[in-house]
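So the structure is just underneath, and the comments pick up after that.
Derivation of every value follows stated rules applied to the coordinates shown; laboratory data play no part. What you are looking at is a predicted structure, and each value in this text was computed from that prediction instead of being measured. Please note: Cβ atoms are built from the backbone with ideal geometry, for glycine as well, and neighbour counts cover all protein chains shown.
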2 protein chains.
Amino acid sequence: MSPKITTELLKHLRQVMKNPRYVQEPVQAYIVPSGDAHQSEYIAPCDCRRAFISGFDGSAGTAIVTEQHAAMWTDGRYFLQAAHQMDSNWTLMKMGLKDTPTQEDWLVSVLPEGSKVGVDPFIIPADQWKRMSKVLRSAGHDLVPVKENLIDTIWTDCPQRPCKPLITLDLSYTGVSWRDKIVALRSKMAERKVMWFVVTALDEVAWLFNLRGSDVEYNPVFFAYAVIGMNTIRLFIDGDRMMDPAVREHLQLDSTLEPEFKIQVLPYGSILSELQAVGAGLSPKDKVWLSDKASYALTEAIPKAYRYLTPYTPICIAKAVKNAAETEGMRRAHIKDAVALCELFNWLEKEVPKGTVTEIVAADKAEEFRSQQKDFVELSFATISSTGPNGAIIHYKPVPETNRTLSVNEIYLLDSGAQYKDGTTDVTRTMHFGTPSAYEKECFTYVLKGHIAVSAAIFPNGTKGHLLDSFARSALWDCGLDYLHGTGHGVGSFLNVHEGPCGISYKTFADEPLEAGMIVSDEPGYYEDGSFGIRIENVVLVIPAETKYNFKNRGSLTFEPLTLVPIQTKMIDVNLLTEKERNWVNEYHQKCRDVVGAELERQGRHEALRWLLRETEPLAPVQ
Amino acid sequence: MSPKITTELLKHLRQVMKNPRYVQEPVQAYIVPSGDAHQSEYIAPCDCRRAFISGFDGSAGTAIVTEQHAAMWTDGRYFLQAAHQMDSNWTLMKMGLKDTPTQEDWLVSVLPEGSKVGVDPFIIPADQWKRMSKVLRSAGHDLVPVKENLIDTIWTDCPQRPCKPLITLDLSYTGVSWRDKIVALRSKMAERKVMWFVVTALDEVAWLFNLRGSDVEYNPVFFAYAVIGMNTIRLFIDGDRMMDPAVREHLQLDSTLEPEFKIQVLPYGSILSELQAVGAGLSPKDKVWLSDKASYALTEAIPKAYRYLTPYTPICIAKAVKNAAETEGMRRAHIKDAVALCELFNWLEKEVPKGTVTEIVAADKAEEFRSQQKDFVELSFATISSTGPNGAIIHYKPVPETNRTLSVNEIYLLDSGAQYKDGTTDVTRTMHFGTPSAYEKECFTYVLKGHIAVSAAIFPNGTKGHLLDSFARSALWDCGLDYLHGTGHGVGSFLNVHEGPCGISYKTFADEPLEAGMIVSDEPGYYEDGSFGIRIENVVLVIPAETKYNFKNRGSLTFEPLTLVPIQTKMIDVNLLTEKERNWVNEYHQKCRDVVGAELERQGRHEALRWLLRETEPLAPVQ
């Protein structure tokens, strides 16, 4: 992977930063955040402005360009990738390390007195604007909104914003109709004495209306906003997709409805002016509810006194707790996904020794097997298919320049998942197709111990996920090993593979408490730069637990793995496991046999079934 | 314990809340926080305003009185105590429970439109003012500073503010001279480009000048402020204590010094006007550094643009990392403390069966034994001496009305500590002087497993203490048990028994990373309302650990127990321990034998030595 040469681009950007055609006053620094106008993690090609200017295309990162410097902030998952993709114009700022300055502190340290720092007000979340603006102001600088996106002015071949057809989901998938979701939302609004709710996150719009799209790769969402009043519903969406009879029927656009369920469809681009009109028409006690991560531009449309901002919206919280239809859908999706992976690993086992399977071939094969399953829609993220040293690049994606051939001498790490119409999957398995070294087995086993510690953890109702993060690290810590990423993220139901408001990470604190029905990933790892990467990931469902004393009736929770793919026993040093851990592995494998075995049988995939049975043999007793 | 009758007091307070002599405009609510003007946790009698108005005298709690309501917010340690001490005029707001409103939300829910909420601006921390004020304003109310403290106006027999003599500490105790501490502070100030630093916390003033006092019971501090400039030192302190020749010598008040080390002594009450003068004289780029927990009154003295606020001051952070002299002092103090407790437990074992030992007698006896030790100054907090159901009141203090007699049928919990001139101690042991039930042993053993999980934890350098909190709960959680308090707090060196910026608690997030030399407590517990309380607490020192892979040279940390008091083996169900836990107990007890045994021998305390030897016999092997 050779870095993108950005000398000319940066020169051009620095020119427009001073060009009165685009900026009221010259800006001495320009911030290019990761996200789009919806603060999405995964974005459409037209929104990949940070990747365009820097070359670094990981999922998280913020670029700042000043007259003298160009710097990129990203986290531990991307240190290696960013270093590879960026040329020497760029300084990598490793977030999470002690000596790395914050963006604000860095700006203060490099800017001349009284500088202007520009940013697109549609791209920067309001909470981040507030924090940066405060620090900059107190150091004598100004954060200023630049209406025209400066990257777009120099990006001559910028792709069009996608506008693809929609998918309607019926009750068998969603469990709750969009009308009932609106009713529940309005009742939350009434509780907080709020008159309006602005839906800005793409997955929240999709969830609310039981619609899905494909405007953004991997995330089944579509570009739209919604503004929900106590008696009105406005949906801001472009294109002729609202002409689709199935969509019109689903949203009852042509029916005689109670007025409070009548959806008014408006152009996507009219959100700001419509919201400004809402803002201008508010009575003294009216409030407008927005996520505090909504864009600065939309937030400013509502006068400050009328804003009701929360870190998590009621939709975000409701969406996280899956109902019975969604949970069953997720189970089905994970069984199909396991079938595909049994096929893949069986195939790899035969093909790898021939020396013809590259990371890209393996990733494509995984997609091929998945696409054979019912209701398959697309992948849920770019497959991380990595062997040997590439495995240490935490969010690696194989490209021709880096594409390595799998061999019997290296560890292979596959982190992949799919969108099925009934659910979203995300699974990581680390395999060795030859004989792993004692050290590789040792590291794998510590990671497995951490995985089990979280998966089997019992905790009181109301516990926040971040309190479980250290359980995943304890076995690694004992030997002086660690990993620089969180342990888990929320997973959507045929929606984004990463979603809030819960997760398992030492980095967050404001996550919502875990409750039964929530779904998160459990994915500790260990990475040795230049050598290998290990990660073991299951998607797990929060379920009630049975405990001896049940927390004085507060209730007990634990996890049930939805992912049912064998964990390679060849990689396990059984002597490092406790009896309890060994039993966990054996019981997990028995469930894989029972559930996935039956499905392999049903699908007539006998060779993969034999592979599954062999890979799920009980572990030898601990010596 | 009968509740304080507050009907008349509240009536009186509600009158002054409307009396133009004290308030510019009537206030519809008045907030009475816990703290004093230094945001101390332990306060002098003259500052116990919340206890005066409500009867509840726990160390943490905030009272709010409106025209109709009186409500008290406190945390899990004090739910039972507060319920006992307050009459029916008061509503208890149990912090940490899901349905308990915040103070702000509650105010918004009960106040009539456009209300004024009053508070003493010297008592409320600036960060709390900001948070409350924002919520109140957005709901149409106003938080207003009431200069005269309204409780003081109705507290006719309010005691005088103490003004006791000072103790000077030489280098053998402090390891660093006050001049060197000023130099280090100024270098931190220069790093942040700050011209002034305002020392508002009492323990920070004491630490900075290597002085101690006794103005506040249990905390060896004195009422003072300091303002440190790059070339000036101002100490605000009352009374003739500055006339003491030892103090004058220590501070070199009468020597010819470089001007930047010359201390200017000013009256305690002049801090506000002096700070306002500093504020008025600032040049455009000057900054004044204050804790964001400094009082609203002092913070407001500095114009907003000139304030540099941080959650932890450089003194707070420097003070937390103990140097060699301080660490050795803490070790000595803990050995002496262990001698006193061996004497006590030996004595209790003989006396309890006679039925004559009450909780107060036991607490007094503990103090008596401690006071026999060299350099004993006072207790470090009110002894929690509690038997049977009183043990479930987490921060119980025996008083004649509640005083229970120790018996061979109940669990006894003693949480106590002392100030020695060389260090501060804090230790909890839970004992049974008869035959504990299987259930009591089961609970005790889970608590012990949690204690060991933290004490033996290995973690990478830079880990925050809150990430270790769940380790202490895991064994309890597995059985559906938990405790409603944090696991540990920072401990001062002959200073406050609770100090920042580190600790081990699920409740904090902004704690500073643990580093070698920090000292915290490790004190999980389990409480059964109406039956018993269990807690096992050691003070532990953060030390470098040896690990196989040492976190890629990031460095490994673990804890060394400073407390060396036997853990009652009679209470342990050995079969619930792992081999590793059993070895931990045996090694810990061996160290108690070696170190404390030698000191008991040296002090000729042969009976207590025999008790120690018996209590530290190795545990039977795990079956």
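A few remarks follow.
- Farthest towards the positive end of the charge dipole of region A:359-488, among the residues A:G480, A:S385, A:I360, is the Cα of A:G480, using unit charges on the Cβ of Lys, Arg, Asp and Glu.
- Nearby aspartates and glutamates by direct alpha-carbon distance to A:K580 (threshold 15 angstrom, same-chain neighbours under 8 apart not counted): B:D478, B:E579
- Chain B, relative contact order in percent, only Cα pairs under 8 angstrom and at least six apart counted: 11 percent
- Those trypsin sites (Lys or Arg not before Pro) in region B:109-151 that DSSP places in a loop and that have at most 13 other beta carbons within 10 Å: B:K147
- Take B:G604, push a point 7 Å out from Cα through the beta-carbon direction, and compare it with the same point in every other copy: 9.7 nm, smallest first.
- About the centre of its Cα atoms, the protein assembly as shown shows a dipole size close to 1340 debye [charges on the beta carbon of Lys, Arg (+1) and Asp, Glu (-1) only; nearest 20 debye].
- Taking region A:321-615 and dividing mean pair separation by its residue count, relative contact order in percent (alpha carbons under 8 Å, at least six apart): 21 percent
- Prolate/oblate/rounded label for region A:294-370 (Cα gyration tensor, a/c 1.5): oblate
- Dividing the mean sequence gap of close Cα pairs (under 8 Å, 6+ apart) by how many residues region A:6-154 holds gives a relative contact order of 26 percent.
- DSSP beta bridge pairing in chain A, given as percent antiparallel to the nearest 5: 75 percent
- In this Cβ point-charge picture (+1 for Lys and Arg, -1 for Asp and Glu), region B:167-319 has a dipole of about 700 debye about its Cα centre.
- Label geometry 7 Å along the beta-carbon vector: A:L619 inter-copy distances in nm: 2.3
- Cleavage-rule hits (GluC sites (Glu not before Pro)) in region A:326-432: DSSP loop, at most 10 neighbouring Cβ within 10 angstrom: A:E401
- Sparse packing (at most 14 other Cβ atoms within 10 Å of the Cβ) combined with a DSSP loop state is found for the following trypsin sites (Lys or Arg not before Pro) in region B:266-336: B:K285.
- Three-way shape label, region A:393-459, alpha-carbon gyration tensor, a/c 1.5: oblate
- Here's the list of lysines a cross-link from B:K374 could span, going by alpha-carbon distance under 23 Å and ignoring same-chain residues fewer than 8 apart: B:K164, B:K322, B:K336, B:K365, B:K421, B:K591.
- Partners for A:K18 among lysines (Cα-Cα distance below 23 Å; same-chain residues under 8 apart left out): A:K116, A:K147
- The charge dipole of chain A, taken about its Cα centre with unit charges on the Cβ atoms of Lys, Arg (+1), Asp and Glu (-1) only, comes to about 1200 debye.
- The DSSP beta bridges internal to region A:167-319 are antiparallel in roughly 55% of cases.
- Teacher prompt: A:G229 distances to equivalent labels in other copies, 7 Å Cα→Cβ, nm: 6.1
- Listed residues B:I335, B:F532, B:A545: farthest to the positive end of the dipole of region B:321-615 (Cβ charges): B:A545
- Cross-link pairs beyond the 20 Å C-alpha cut-off, checked among A:K464/B:K293; A:K94/A:K507; A:K130/A:K464; B:K94/B:K441; A:K319/A:K507: A:K464/B:K293; A:K130/A:K464; B:K94/B:K441; A:K319/A:K507
- Peptide B:541-552 has a mean of 3 when you count, residue by residue, the C-beta atoms of other protein chains within 10 Å of its C-beta.
- The shape of region B:41-189 comes out prolate: with a ≥ b ≥ c from the C-alpha gyration tensor, a/c is at least 1.5 and a/b beats b/c.
- Each label was represented as a point 7 Å from its Cα along the Cα-to-Cβ direction; for A:K552 and A:K11 these points are 7.1 nm apart.
- Rotational relation A to B, axis-closest Cβ in chain A, residue and distance rounded to whole Å: A:F509, 2
- C-alpha long axis of helix B:579-591 to longest principal axis of chain B, angle in °: 80 degrees
- For residues of B:467-479, the mean tally of beta carbons on other chains within 10 Å: 5
- Between helix A:606-615 and chain A: long-axis angle, C-alpha atoms, 0 to 90°, nearest 10: 80 degrees
- Unit charges at the beta carbon, dipole of region A:167-319: most positive-side option, A:I233, A:V288, A:V198: A:V288
- Inter-label distance, nm, simple model (7 Å from Cα along the C-beta direction), A:S273/A:K304: 2.8 nm
- Axis angle, to the nearest 10 degrees, between helix A:271-280 and the longest C-alpha principal axis of chain A: 60 degrees.
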